[in-house]
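The values are calculated or read from the model by the stated rules, or taken from the named source; none is laboratory data. Small disclaimer: the values here were computed from a predicted structure and weren't measured. Here the Cβ positions follow ideal geometry from the backbone for every residue, glycine too, while neighbour counts run over all protein chains shown. Side chains are part of the model used for accessible areas, which takes the heavy atoms of the whole protein and leaves out ligands, DNA and RNA. Shrake-Rupley method; radii C 1.70, N 1.55, O 1.52, S 1.80 Å.
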Amino acid sequence: MSSPTLKVGIVGLGRLGQRHAINLAQRVPNAEVVAACSPVPAELDWAASQLGITTGYADYDALLAHPGLDAVFLVTPTSLHADQIIAALRAGKHVFCEKPLSLDLADCLKVEAEAARHPQLTIMIGFVRRFDASYHDAQQKIAQGLIGKPYLVRSQTCDQNDPSGAFMRFAPTSGGIFLDCSVHDIDLARWLLGNPAPKRVYASGTNAIHTGLQAFGDVDNGLATVEFSDGSMASFMASRTMAHGHETLTEVFGTGGRLAVGSNPRLNRVEISDAHGVRNECTPDFYARFTDAFLIEAQEFTDAALGRRTLSLTLHDATEATRIGLAMTQAMREARPVEF
């Protein structure tokens, strides 16, 4: 019989890791965070003082040996994802891992192969937008035929400009703007179009503000188009230079209509009317936009690991998102179309 509570170890307690830890410790009723893991002592101190997680490990293997541990929640650098997932599976643990699965397609396939050897274990990659109420509603409407046959997705992830350029320190390991930002849009496009196979990609980019990204083969604004084998298409934009806030917008065009999610990135339902006109404040970052979705995502993983439901997305979905993101990056850097 499944335990009524999933005993979780949180791995990585940076900005997003802390938010996941708070959800698991305080907002997911059938999860219990029994240990934390980080090579940064201050992060373990935060877990102890803020959440009462007094068992901390600097070493990941030591965490995996924690008595009674059921699952790990990986919020670690992408370069560690594949090896950490495989180690957890071999230790008999359920795994949640933040996106992307990996920046290397071979590593994605290695993880899929290892997961196939442990069918009793749940493994989930954090494509959080699938758990947003509006995106879920749009997908349901498309599946019900509301807009006819969908043939084009236009989706963008645009972050507010950070004048300090603090994100630059992650540039050497992020995989570039398409794998760091557009991977969410890629996953959405596949999901909303019915998981078609990619055929060809085109991409380009520019550095409008953060010219230092050029040294890493990266850009602060990128555009890409993906052609799928069934004739459908997707168009993506990613930006790190928005003046007004974070903006996630997705449009789906069908033979009988169009759906749009996030056309106005409003912070709330307050409208301001003053000498500047009529306006609303905008979401400052991705977490403000998807706060509820992060909680629903954590709850689905917990319920699936406890055997109460099946996951609504697969490990292969994560592999395909990486595969397409890598092709988009290659197309931009080599200034040529890339075929699959």
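For this structure, a couple of remarks:
- In segment 125-160, residue surrounded by the fewest Cβ atoms within 10 Å (Cβ to Cβ) [restricted to those that are closer than 23 Å to ALA197 by Cβ and of a type in the set (A, V, I, L, M, F, W, C)]: ALA143
- Summed over segment 314-324, residues that are open to solvent by 10 Å² or more (accessible area, probe 1.4 Å), out of contact with any Leu (no Cβ under 8 Å at 6 or more places or on another chain) and either closer than 30 Å to ALA243 by Cβ or not acidic (Asp, Glu) (or both) total 2.
- Test: residue in segment 26-37 that is more than 19 Å from PHE294 (Cα to Cα), under 25 Å from the mean Cα position of the chain (by Cα) and of a type outside the set (Gly, Ala, Ser): yes
- Segment 32-61 residues that are open to solvent by 40 Å² or more (accessible area, probe 1.4 Å), paired with ones that are at pLDDT 95 or above and among the basic types (Lys, Arg) (beta carbon under 7 Å, 6 or more apart): GLU32/LYS7
- Long-range neighbours under 6 Å by Cβ, at least six apart or interchain, first residue more than 26 Å from ASN221 (Cβ to Cβ) within segment 307-331, second assigned to a loop (DSSP other than H, G, I, E, B) and not acidic (Asp, Glu): GLY307/SER2
- Checking PRO196 against (1) closer than 28 Å to PHE340 by Cα; (2) open to solvent by 70 Å² or more (accessible area, probe 1.4 Å), the condition it does not meet: (2)
- All of THR173, THR206 fail the test of being free of Cβ contacts under 8 Å to residues at least 24 places away in the same chain and not aliphatic (A, V, I, L, M), apart from THR206.
- Residue match in segment 286-303 (condition: part of a loop (DSSP other than H, G, I, E, B) and out of contact with any strand residue (DSSP E or B) (no Cβ under 6 Å at 6 or more places or on another chain)): no
- Among (1) more than 30 Å from ALA288 (Cβ to Cβ); (2) in contact (Cβ under 8 Å) with a residue 60 or more places away in the chain, the one test that LEU74 misses: (1)
- For LEU249, the conditions (1) in a strand (DSSP E or B); (2) touching a residue at least 40 places away in the same chain (Cβ under 8 Å); (3) under 20 Å from ALA327 (Cβ atoms) all hold with the exception of (3).
The rows are residues; the columns are (1) more than 29 Å from GLY145 (Cβ to Cβ); (2) at pLDDT 95 or above.
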{"residue": "VAL201", "(1), (2)": "no, yes"}
{"residue": "VAL219", "(1), (2)": "yes, yes"}
{"residue": "THR250", "(1), (2)": "no, yes"}
{"residue": "HIS276", "(1), (2)": "yes, no"}
{"residue": "ALA288", "(1), (2)": "yes, no"}
{"residue": "PHE301", "(1), (2)": "yes, yes"}
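- Of the residues making up segment 283-302, just one is free of Cβ contacts under 8 Å to residues at least 40 places away in the same chain and buried (at least 19 other Cβ atoms within 10 Å of the Cβ), namely THR283.
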